[in-house]
Amino acid sequence: MSIIGKYFIFLGKLFTNREKFKVYTRLTIDEAVQIGIGSLLIVSIVSFFLGAVTCVQTAANLDNPFVPHYIISLIVRDSTILEFAPTITGIVLAGKVGSNIAGELGTMRITEQIDALEVMGINSTSYLVLPKVVASIIVFPMLVTLAAFLSIYGGYLAGWLTGAISPQEYIQGIQFEFNTFNVPFALIKSVVFAFLIVSISAFKGYFTGGGALEVGQASTAAVTNSCIAVLIADYLLAQLLITA
């Protein structure tokens, strides 16, 4: 409970004694470029092949003459938008972005750069962490949207090249009984995951103590705790927004 209380106090400091708006604008743009551009390749590769594998495995398990082939792409569409794109992307970014943030802030802490900011009268929590949080909230939904598109397209190519489903049937399944709320639901999840991943990783890195060994431990703890938080939030959001 003390760690949770310390975490919420840490979040409260993000919005107190802030710098000028233009300072955060520049920092947020830099962080958005670093998080977004730096994560494009890994997100694209994971999403594309995840959709391809989902299509092939679904086709292999639905080898029944009474089941229409367009059900394959319908399953790929719904599983991608509802779960794979936001959640898997969030876990991938927790490993890449989360460990990077924790390592960066942990290094700044043990080299006393954060202490130097405090001596200068700068709220180091807000100055260092708030731009990362805002940038991730902006960029994560974009990455999730890209992931959803590439996953569905990967399933399309895999189904077409393997002969599991024709392009016409795949498109029919994508359009069949589409629930439009699935898209904003995925974007809501991406925003929540972005906040949790960055804030938890920054918290772990900011309060690192010791030396290089502790920085590595903080990075590992940041990834582990972020993944757990993403999965718990995934269940809670599904319970609140889908089944409620």
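The values are calculated or read from the model by the stated rules, or taken from the named source; none is laboratory data. These figures come from a predicted structure and were not determined experimentally. Just the protein is used for accessible areas: all its heavy atoms, side chains included, with ligands, DNA and RNA removed. Shrake-Rupley method; radii C 1.70, N 1.55, O 1.52, S 1.80 Å.
What's the extension gain from Thr16 to Thr180 if we count 0.36 nm per residue and subtract their Cα-Cα distance?
Gain in length upon complete extension: 55.2 nm.
Can you sort Asp63, Asp115 by solvent-accessible area, 1.4 Å probe, largest first?
Asp63, Asp115
Any chance you could run the full-extension gain for Ile37 through Asn64? It's 0.36 nm times the residue separation minus the Cα-Cα distance, nm to one decimal.
My answer for the length gained is 5.4 nm.
Given Cα pairs under 8 Å that are at least 6 residues apart, what percent is the relative contact order of the chain?
35 percent
Please compute, over every Cα-Cα pair in the range 150-244, the percentage with a separation greater than 19 angstrom.
61 percent
From the phi angles alone, apply the Karplus equation (6.51, -1.76, 1.60; θ = phi - 60°) to the range 83-95 and give each ³J(HN,Hα) in whole Hz, x where the residue is Gly or Pro.
Karplus-based 3J(HN,Hα) across the range 83-95 equals 10, 5, 4, x, 6, 5, 4, x, 5, 4, 6, 4, x Hz.
Carbon-plus-sulfur fraction of the accessible area of the chain, 1.4 Å probe, in percent?
Here carbon and sulfur together make up 70 percent of the probe-accessible area.
Rolling a 1.4 Å sphere over the protein heavy atoms, what is the accessible area per residue of the range 1-136, to the nearest Å²?
51 Å²
Among the helices of the chain (complete DSSP H runs), which have Cα atoms covering no less than 27 Å along the helix axis and a Kyte-Doolittle mean of at least -1.0?
The qualifying helices are 21-61, 124-162, 182-206, 212-241.
How large is the accessible surface per residue of the range 162-244, computed with a 1.4 Å probe and reported in Å² as a whole number?
49 Å²
Any chance you could count the Lys pairs in the chain whose alpha carbons are under 21 Å apart, treating pairs 8 or more apart or on different chains as valid?
So the count of such lysine pairs works out to 12.
Expressed in nm to one decimal, what extension gain is obtained for the pair Phe149 and Thr220 from 0.36 nm per residue of sequence separation less their Cα-Cα distance?
Contour length minus Cα-Cα distance gives 22.5 nm.
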